[in-house]
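Contents: one structure, followed by commentary.
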Amino acid sequence: MPRLPRAEVRRRLLAAAASVFAERGYGESRLDDVARAAGFTKGAVYSNFGSKQQLFAELVGAHMAEQAAAVHGGVTSATDPGDPDDPDGADRDRVQARGIELMGDYLVSDDRGQRLMVEFAAQASRDPRIQAAWAPHRRAHQEAVVALLDERIQALGASAVVDLDTLALIMIALRNGLALERAAAPDQVDRPAIERAVAAVLTSLIPPTDTRPTDTRPTDIPPTTVTTTSAVPRPGGKP
């Protein structure tokens, strides 16, 4: 039997780890379980990832990169020219609606992915080895989100009220927070609630480009009339 390429071995191990960690939780999962589910020995796990912590970090990093690519493709297609009144494809409403829809898809349809994210955050908060393994993936994801936001904001001729790094951090935190809330209360944090939250944040941080200060002067005051003062008669009856 021909030897599998290293990339394929890694792909199978990551897929197996996703299933095992989501089903049993990180703490109860063993590398033997992951290797067996992928059809390899435990040595294959160590030769490709080095440790359980590294495997978990790379699994979450791959998951987030996949989601970022899906969002990028979705919002890019939403700016595809075709509207005669919008020849450059710079339809802000269409792009925002697509971004909100994709966030809803991600949080509602990928329950296993959300469980992994919640589990990962809990484990990383008390294991410095997971934090260290996660650092480069976290940095790469932040940079990918910054690049996506920069590209789309420029394409729309819009501007954000905060710098791009801060905007990316807010969007990442929003997604992670909604994932945590949905994991704990899926009936309350449903798709409409998620979409309302995302829409509120996007509109606040990337306001419409045609927003201008409104004229707040009252309009119900009648025009000012100018009256002339009649000449006052002087003593003796002459004006």
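Here, each number is a calculation from the coordinates, and none is a lab measurement. Every value quoted in this text rests on a predicted model; they were computed, and no experiment measured them. Every residue, glycine among them, receives a Cβ derived from its backbone with ideal geometry; neighbour counts consider all protein chains shown.
Using C-alpha pairs below 8 Å separated by at least 6 residues, the relative contact order for segment 52-205 is 31 percent. Each residue of segment 115-130 is assigned a 3J(HN,Hα), and the resulting list reads 5, 4, 5, 5, 4, 5, 4, 5, 6, 5, 5, 10, 10, x, 5, 5 Hz, derived from the Karplus form 6.51 cos²θ - 1.76 cosθ + 1.60 (θ = phi - 60°), x at Gly and Pro. The fewest-to-most ranking of 102, 180 by surrounding Cβ atoms within 10 Å reads 180, 102.
Would you be so kind as to identify which of 48, 68, 170 lies farthest towards the positive end of the dipole of segment 44-185, taking Lys and Arg as +1 and Asp and Glu as -1 on Cβ and the Cα centre as origin? With unit charges placed on the Cβ atoms, the residue in question is 48. Full extension of the segment from residue 180 to residue 24, taken as 0.36 nm per residue of separation minus the current Cα-Cα distance, would add 54.3 nm. FRET efficiency for the residue 11 to residue 93 pair, using the beta carbon distance and R₀ = 41 Å, is estimated at 0.60. In order along segment 93-105, phi translates into HN-Hα couplings of 4, 5, 5, 5, 4, 5, x, 5, 4, 5, 5, x, 4 Hz, rounded to whole numbers, per the Karplus curve 6.51 cos²θ - 1.76 cosθ + 1.60 with θ = phi - 60° and x for Gly and Pro. Just so you know, the Rg over Rh for segment 1-50 is 0.97, from Cα atoms, with Rh as the Kirkwood radius. The mean of 1/r over all distinct Cα pairs in segment 52-205, once inverted, gives the Kirkwood hydrodynamic radius of 16.4 Å.
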